[in-house]
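To keep things clear, I will list the structure first and then write my remarks on it.
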Amino acid sequence: MSSAVDTLMNEIIKKNPNQPEFLQAVQEVLEDISPIIKSDIKYKDANLIERIVEPERVFIFRVPWLDDNGKLNVNRGYRVQFNSALGPYKGGLRFHPTVNLSVLKFLGFEQIFKNALTGLPIGGGKGGSDFDPRGKSNNEVMSFCQSFMIELSKYIGYSTDVPAGDIGVGSREIGFLFGQYKRLKNVFDGTLTGKKINWGGSQARTEATGYGTVYFAEHMLNTRGESIKNKNVVISGSGNVAQYACKKVIELGGKVVTLSDSSGYIYDQNGIDLEKLDFILQLKNVRRGRIKEYADKFNCSFHEEKPWKVPCDVALPCATQNEINQSDAEQLVKNGCFCVSEGANMPCDADAISTFKMAKILHAPGKASNAGGVATSGLEMSQNSLRLSWSFDEVDIKLQNIMKNIHTTCVEYGKEKDYINYFKGANISSFIKVADGMLDQGSV
Ligand code: NDP
Ligand code: 2IT
């Protein structure tokens with residue numbers, strides 16, 4: 001980085017102690033945009049960086065809820081309203097014991113640039129709680145969601161801030177949150193996305209993040225005259241994003257050999273087919289069990305570690321942040337992996353990113369490759385405002401176009417001599433869009 005940007009980064013580090021994930025996300029963006037900041041004085045004069053790393057607003061609140069034994073529990077709730085230069089704050093809610101302000105600020109910061117890449121009029125935000133839905137009954141999850149919404153409802157609205165799902169928040173939680181929002185506000189509107197299709201949700205939203213991640217991988221592969229067909233694919237995670245990434249790879253003729261959860265991964269050398277994937281959907285979305293059951297049922301192996309040692313052509317990290325470190329990245333490259341499309345947010349740490357960059361493999365940052373989820377949330381907002389619904393194919397075609405456009409933009413801004421730097425392409429193009437919006441709107 002240039003010394004001016006180094007100085008800026010040091011200031012940001014001083015101002016945000018104990019926020020490693022947030023600082024990691026900021027550093028990654030600043031490294032790529034530092035030539036722009038240096039060459040374009042208008043951004044420097046307007047203190048653009050100092051402003052863009054500061055959330056417009058952060059809410060932190062107490063969430064008391066009763067469990068099935070009548071005991072009162074307390075969790076911490078958050079909403080980070082990061083940047084509204086391009087539209088209402090938009091971004092998911094994460095319910096996971098690891099949630100803290102650093103994690104949500106990193107996610108909110110990434111969301112600003114991701115949302116800009118979609119080309120839709122949405123700003124960036126994120127929220128959630130350290131509540132752990134795992135092992136909780138439906139009643140307990142509902143009790144938590146209702147209490148969470150009593151506070152969150154004061155800060156959101158369809159033109160202000162539109163939450164959706166993320167880790168630990170799927171259509172069940174969105175249902176409980178929406179029901180409570182409606183009861184408190186007496187409005188039926190598009191304040192939340194990821195709703196079920198029969199009460200205001202969009203076709204293809206459930207599939208969108210995973211499908212989009214694979215559409216993006218396909219575009220990257222096409223730049224080398226390749227495609228997903230007949231490729232060996234390693235996927236981490238077995239939640240919403242992993243499930244539909246898996247489905248799209250199967251549909252496009254690729255072979256998915258792993259899925260995982262926080263306890264380990266299953267390796268199915270025959271490939272996961274649609275029937276086996278149905279078992280995963282039942283296991284994870286209905287029975288809420290562990291991935292090991294797949295290995296027992298289909299007679300394949302289960303390993304208590306991450307799946308990155310398994311040889312593959314394409315890797316789709318779809319679980320969580322920093323799930324690929326330097327040695328994982330080296331192992332992947334050594335085993336022949338030449339395409340990584342991030343379904344998760346920031347799944348690669350800084351050393352892993354450098355390893356892939358040095359190896360010149362195809363590597364897309366989540367803010368580009370997983371943008372299909374929030375883009376389809378944007379389409380859900382449009383349909384809610386129009387009070388109509390589009391068909392699955394209509395939404396899927398729009399999603400495909402959005403992913404194609406994001407890929408084209410990344411190539412345009414990220415092309416280097418013999419390599420496309422997708423990180424640079426995504427960071428520079430989205431930064432310019434957000435920064436110009438902020439400049440136009442004055443010193444707010
Ligand atoms: P889910 O809650 O549906 O699934 C999460 C999956 O990741 C589970 O298999 C979970 O395993 C695993 N996982 C979570 N935390 C860890 C951890 N610390 N270590 C190992 N495995 C872990 O979430 P999603 O599929 O929705 O989200 C996955 C990723 O995709 C996240 O990074 C999210 O931010 C990102 N994303 C999601 C979008 C969406 O539309 N849902 C949009 C764009 C990005 P276990 O059950 O054992 O915890
Ligand atoms: O990280 C993400 O983009 C999401 N969790 C989806 C956000 C959304 O508003 O659909």
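The values are calculated or read from the model by the stated rules, or taken from the named source; none is laboratory data. All figures in this text were calculated on a predicted structure; none of them were measured in a lab. Every residue, glycine among them, receives a Cβ derived from its backbone with ideal geometry; neighbour counts consider all protein chains shown. When the accessible area is computed, the model is the full protein with side chains, heavy atoms only, and any ligands, DNA or RNA have been set aside. Shrake-Rupley method; radii C 1.70, N 1.55, O 1.52, S 1.80 Å.
A crude spin-label estimate for the pair Phe279 and Asp440, with each label 7 Å from Cα along the Cβ direction, gives 5.3 nm.
Rounded to the nearest 20 debye, what is the charge dipole size of the chain about its Cα centre when +1 sits on each Lys and Arg Cβ and -1 on each Asp and Glu Cβ? In total the dipole reaches around 800 debye.
Over the range 191-280, calculate the relative contact order: mean separation of alpha carbon pairs under 8 Å at least 6 apart, over the residue count, as a percent. Numbers along the way, then the final one.
On the way: 120 pairs, mean separation 21.3, N = 90.
Normalised by residue count, the contact order of the range 191-280 is 24 percent.
With the Cα gyration tensor of the range 76-235 in hand, convert its eigenvalues to equivalent ellipsoid semi-axes via √(5λ) and list them largest first in whole Å.
Details: eigenvalues 166, 68, 52 Å².
Taking √(5λ) for each eigenvalue gives 29, 18, 16 Å, largest first.
By a 1.4 Å probe calculation restricted to protein chains, His219 has an accessible surface near 50 Å², given to the nearest 10.
In whole percent, what relative contact order does the chain give with Cα contacts below 8 Å and a gap of six or more residues?
On the way: 915 pairs, mean separation 67.5, N = 444.
Over the chain, the number comes to 15 percent.
Amide H to amide H distances under 5 Å link Gly87 with Gly123, where only residues 5 or more positions off or on other chains count and H is placed in the peptide plane. Normalising the average separation of contacting C-alpha pairs (under 8 angstrom, six or more residues apart) by the number of residues puts the relative contact order of the range 4-143 at 25 percent. Of all aspartates and glutamates in the structure, the ones whose alpha carbon falls short of 14 Å from that of Lys398, not counting any fewer than 8 places away in one chain, are Glu207, Glu380. Could you tell me how far the Cα centroid of the range 215-262 sits from the Cα centroid of the range 172-186, in Å? For the range 172-186 versus the range 215-262, the Cα centre distance is 34 Å. Modelled spin-label separation between Asn69 and Gln27, with each label point placed 7 Å from Cα along the Cα-to-Cβ direction: 4.3 nm. Nonpolar atom fraction for the chain, defined as the carbon and sulfur part of the 1.4 Å probe accessible area, stands at 48 percent. DSSP beta bridges fully contained in the range 47-197 are about 65 percent antiparallel. Note on Lys297 and Asn270: the extension gain reaches 8.3 nm, defined as 0.36 nm multiplied by sequence separation minus the Cα-Cα distance. Here Lys15 sits with roughly 150 square angstrom of accessible surface, probe radius 1.4 Å. Computed from the Kirkwood radius of its Cα pairs, the Stokes-Einstein diffusion coefficient for the range 1-114 at 10 °C and 1.306 mPa s stands at 100 µm²/s. The accessible area of Leu259, taken with all protein chains in place and a 1.4 Å probe, comes to roughly 0 Å². Shown here: the chain, whose C-alpha atoms stretch 59, 53, 43 Å along the first, second and third principal axes, sorted largest to smallest.
For Val286 and Ser263, what does the FRET efficiency come to when R0 = 25 Å and r is the distance between their Cβ atoms, rounded to the nearest 0.05? Walk me through the numbers before you get to the answer.
Working: r = 19 Å, r/R0 = 0.75.
Calculated transfer efficiency: 0.85.
Using a 1.4 angstrom probe on the protein heavy atoms only, line up Ser39, Ser443 by accessible area, largest first.
Values: Ser39 95, Ser443 120 Å².
Correct descending sequence by accessible area is Ser443, Ser39.
Quick one: divide the alpha-carbon radius of gyration of the range 64-128 by 2.2 N^0.38 Å and tell me what you get. Before the final figure, lay out the partial values.
Working: Rg = 14.6 Å, N = 65, 2.2 N^0.38 = 10.7 Å.
That ratio works out to 1.36.
Is the C-alpha gyration tensor of the range 334-377 telling us rounded, prolate or oblate? Criteria: a/c under 1.5 is rounded; beyond that, a/b larger than b/c is prolate, otherwise oblate. Prolate.
From the alpha carbon centroid of the range 409-431 to that of the range 7-68 is 21 Å. Rounded to the nearest angstrom and listed largest first, the equivalent-ellipsoid semi-axes of the range 294-444 from its Cα gyration tensor are 31, 23, 14. With both labels modelled 7 Å from their Cα along Cα-to-Cβ, the Ser159 to Arg57 distance reads 1.5 nm. Taking the helices alone, the chain has a mean residue ellipticity at 222 nm of -15500 deg cm²/dmol, built from -39,500 (n - 2.57) per DSSP H run of at least 4 residues and averaged over all its residues. Here the average projected area of the convex hull drawn through the C-alpha atoms of the range 171-215 stands at 3.3 nm². Taking all protein chains into account, the per residue accessible area for the chain stands at 41 Å² (1.4 Å probe). Cross-linked pairs Lys196/Lys247; Lys38/Lys306; Lys276/Lys424; Lys90/Lys424; Lys15/Lys136; Lys15/Lys309: Cα-Cα separations exceed 28 Å for Lys38/Lys306; Lys276/Lys424; Lys15/Lys136; Lys15/Lys309.
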